[in-house]
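This report concerns only the one structure given below.
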Amino acid sequence: MAKKENTILSIDIGGDSLKMAEFMIFPDGGGMRLLRFDVREYNDEQREMTLDQSFSEIFPAMLSENHFVSTDVMVSISGQVAFSRLSKLPPRGDDKSNIRRVIDFEAKQIIPYPMNEVIWDSQLVVRNIEAEQQDAEPEDPENPVAPEEPAAPKTTEEIEALIVAVKKDLLTDIAELIEDHGKKVVAIEIAATASYNAARAIQLGEQGCDMILNIGGRCSSLIFVDHSRIFIRVIPIAGFMITQQIAKEFNISNPEAEELKRRHGFVALGGAYEEPESEVAATISKIARNVMTKLHGEINRTITMWRSQNGGTRPRRAFLAGGGSLMEYTNRFFEEKLRIPVDYLNPFTVLDIDQDVDKNRLNTVAPMFSELIGSALQAATNCPVEINLLPDSIKGRRAFQRKKPYLYISCVTVIFCLLVFYFGVGQRLDIDKTKVQRAESAVKNTEKMVKAVQGLRRDFEDLKGQYDSALGVIKKRTVIPGRFNELQKAIPDSMWLSSVKLFNTATEVQQQKSGTSFDPGDPWAGMGGGGFGGEQKPAESKDYDALKLVGHSLVMREDILNEAAFMEKLLKTTVFQNSDDAVGYVDKYFIGPKGKDNVTSFKIKIKLKNPVKM
């Protein structure tokens with residue numbers, strides 16, 4: 001059994017039947033092989049349904065009964081539900097973006113439906129005018145014309161666009177149904193482009209214009225193959241019209257008319273010929289001829305359109321395809337009418353047929369295989385026309401499927417990054433917690449040390465206060481003796497002090513105002529320990545900034561007094577002030593000797609440099 005990877009399932013959704021065939025595709029352009037196929041005609045009820053409804057009725061059963069293994073599906077759809085038009089493009093250079101914009105504009109102009117309701121695609125066709133002229137049909141051999149000298153070849157290229165459109169809802173329903181059954185729709189095209197690719201595969205149109213007439217059940221497709229050019233016209237005249245005429249003629253149902261057509265039907269020959277013995281067969285053949293004559297009229301009209309409006313050449317040959325061409329003498333009828341060779345299209349030369357295929361059954365439906373083979377060729381190799389009408393929903397799903405591995409990788413990467421981040425954050429958090437614990441421990445130890453230091457500092461301040469207090473006391477002990485020593489140095493040998501007292505100058509001023517101060521008229525007052533002015537009240541102030549000195553001096557010679565030298569020595573000591581205003585604070589009084597006494601008396605108030613606090 002063939003593997004799924006190298007097979008393709010081709011489905012042709014016709015207006016009167018559903019055809020499916022599975023092919024094996026050989027690698028490196030090695031060709032194809034037909035593995036299995038099935039053809040199922042719609043019943044009378046299904047013919048009245050829309051194309052997608054008829055397909056949904058038959059497709060699941062055909063899929064399960066034939067055991068098609070391929071997952072990839074190529075779909076061709078009947079031309080009766082499609083719009084196609086060959087449009088000549090104005091010259092725009094080689095800029096693909098300009099060409100695309102022109103095609104978009106042309107599509108909006110010619111497609112007879114709102115653009116949001118259709119799925120459309122286009123195929124660029126390059127027309128080589130010189131090659132077409134060289135392959136044009138020759139002159140009548142009975143009236144030959146002397147050949148002229150060939151002119152220098154002039155090659156002109158024109159660009160045409162084949163624009164194809166189908167209703168979006170129809171294609172979406174068909175594609176979704178196929179996908180729901182586990183298949184993958186690779187491409188969707190119309191039956192005419194599939195037949196064209198099959199014709200080009202067997203080299204039709206290489207030497208000139210060839211025509212393919214695909215007579216289906218509900219419509220006929222006329223395809224012109226001229227080198228790389230393609231022209232398509234769908235004609236609403238086909239085999240079902242013959243069935244309807246038979247049913248009307250004999251007043252029977254369509255299924256009964258279809259049965260009569262298959263049993264007795266053929267296309268009546270023109271001119272004098274012997275009619276069949278069966279009157280039914282004769283009637284059916286005439287009906288068939290009338291319908292084919294109408295079809296021939298549309299073919300002639302199409303050929304004229306092809307040649308006049310599109311610059312095409314007259315077809316050299318015609319090839320029949322489709323179920324409606326199976327009626328006997330159809331090829332002969334068109335040979336008579338078109339006056340060109342008419343044969344059946346045989347695309348089977350591009351593939352092999354598996355030995356398990358029912359050859360007899362295949363032979364009866366072989367004219368209906370051009371679409372199936374053409375669709376399979378698009379999957380197997382590069383084709384001249386590659387129309388793809390895949391719905392946007394399927395394209396979006398495919399794009400998502402292609403992105404799935406990257407999405408999974410992205411998700412895994414994100415999860416991995418989150419795990420790494422979580423692990424890193426956890427590790428960092430543990431490290432930070434350890435650091436915080438260490439810092440808290442260090443802070444607690446530091447706080448303990450700070451408290452200890454603060455306690456020690458308080459103890460130190462207390463001890464220092466005690467020390468300073470003791471030191472102050474000690475210093476005070478030396479202040480008075482030190483000043484007396486300075487005072488003693490300033491006293492001459494012939495002078496002595498009888499009284500030394502500390503006082504406050506402010507208090508002294510108050511005492512003077514109250515009349516209790518020293519009386520200079522009583523030179524002996526206080527001698528021997530009285531001081532100035534006899535008994536005085538102790539000073540209220542504890543700050544003493546001056547001294548009261550009372551003393552005597554021995555006069556060795558009457559003309560020599562030591563008071564000036566004594567005062568000068570006093571002021572030079574470190575005990576008393578020695579400044580311009582120091583004299584203002586000195587109050588001195590000297591009493592010279594009296595009579596025969598050689599002793600003088602003196603009283604001095606002198607201000608201290610540094611007050612003494614008691």
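The values are calculated or read from the model by the stated rules, or taken from the named source; none is laboratory data. The shown structure was predicted, so the numbers you read here are calculated from the model rather than taken from an experiment. Every residue, glycine among them, receives a Cβ derived from its backbone with ideal geometry; neighbour counts consider all protein chains shown. Note: areas computed on protein heavy atoms with side chains; ligands, DNA, RNA excluded. Shrake-Rupley method; radii C 1.70, N 1.55, O 1.52, S 1.80 Å.
Some points to look at:
- In the range 495-506 there is at least one residue matching the filter, namely being in a helix (DSSP H, G or I) and under 30 Å from Asn610 (Cα atoms).
- Failed criterion for Arg289 (all others in (1) in a helix (DSSP H, G or I); (2) out of contact with any strand residue (DSSP E or B) (no Cβ under 6 Å at 6 or more places or on another chain); (3) over 14 Å from Ile246 (Cβ atoms) hold): (3)
- Members of the range 228-238 found to be open to solvent by 10 Å² or more (accessible area, probe 1.4 Å) and closer than 22 Å to Val365 by Cα, listed by number: Val234, Pro236, Ile237
- Residue selection: Leu86 satisfies the criterion of being assigned to a strand (DSSP E or B) and on the phi < 0 side of the Ramachandran plot.
- Of the criteria (1) part of a helix (DSSP H, G or I); (2) buried (at least 23 other Cβ atoms within 10 Å of the Cβ); (3) of a type in the set (A, V, I, L, M, F, W, C), which one Met241 fails: (2)
- Search result, residues across the range 205-227 that are part of a loop (DSSP other than H, G, I, E, B), in contact with a strand residue (DSSP E or B) (Cβ under 6 Å, 6 or more places away or on another chain) and open to solvent by 10 Å² or more (accessible area, probe 1.4 Å): Cys219
- Criterion violated by Asn382 - all others in (1) modelled with pLDDT under 90; (2) exposed (fewer than 10 other Cβ atoms within 10 Å of the Cβ); (3) over 30 Å from Arg229 (Cα atoms) satisfied: (3)
- Residue within the range 267-279 that is closer than 26 Å to Asp121 by Cβ and either open to solvent by 10 Å² or more (accessible area, probe 1.4 Å) or assigned to a helix (DSSP H, G or I) (or both) present: no
- Among the residues listed as Pro112, Pro138, Pro153, Pro147, the single one being over 17 Å from Asn388 (Cβ atoms), modelled with pLDDT of 90 or more, open to solvent by 60 Å² or more (accessible area, probe 1.4 Å) and part of a loop (DSSP other than H, G, I, E, B): Pro112
- For the range 339-352, the candidate set comprises residues that are closer than 13 Å to Leu320 by Cα and over 53 Å from the mean Cα position of the chain (by Cα); within that set, the residue that is surrounded by the most Cβ atoms within 10 Å (Cβ to Cβ) is Val342.
- Filter result for Ala21 (modelled with pLDDT under 90 and either in contact with a strand residue (DSSP E or B) (Cβ under 7 Å, 6 or more places away or on another chain) or in a strand (DSSP E or B) (or both)): no
- Going through (1) free of Cβ contacts under 8 Å to residues at least 24 places away in the same chain; (2) under 30 Å from Asn254 (Cβ atoms); (3) open to solvent by 70 Å² or more (accessible area, probe 1.4 Å) one by one, Ala61 falls short only on (3).
- Filter result for Arg40 (under 25 Å from Ser370 (Cβ atoms), without any contact (Cβ under 8 Å) to a residue 24 or more places away in the chain, open to solvent by 40 Å² or more (accessible area, probe 1.4 Å) and not in a loop (DSSP other than H, G, I, E, B)): yes
- Qualifying position, being farther than 18 Å from Ala191 by Cβ, in contact with a helix residue (DSSP H, G or I) (Cβ under 6 Å, 6 or more places away or on another chain), of a type outside the set (A, V, I, L, M) and open to solvent by less than 60 Å² (accessible area, probe 1.4 Å), among Thr7, Thr71: Thr71
- Of the residues making up the range 171-190, those that are open to solvent by less than 10 Å² (accessible area, probe 1.4 Å) and not charged (D, E, K, R) are Leu171, Ile174, Ala175, Ile178, Val185, Ala187, Ile188, Ile190.
- Of note, Ile58 does not satisfy the criterion of being within 24 Å of Asn382 (Cα to Cα), touching a strand residue (DSSP E or B) at 6+ places or on another chain (Cβ under 6 Å) and part of a helix (DSSP H, G or I).
- Restricting attention to the range 242-267, the residues that are under 23 Å from Asn331 (Cβ atoms) and among the hydroxyl-bearing types (Ser, Thr, Tyr) add up to 1.
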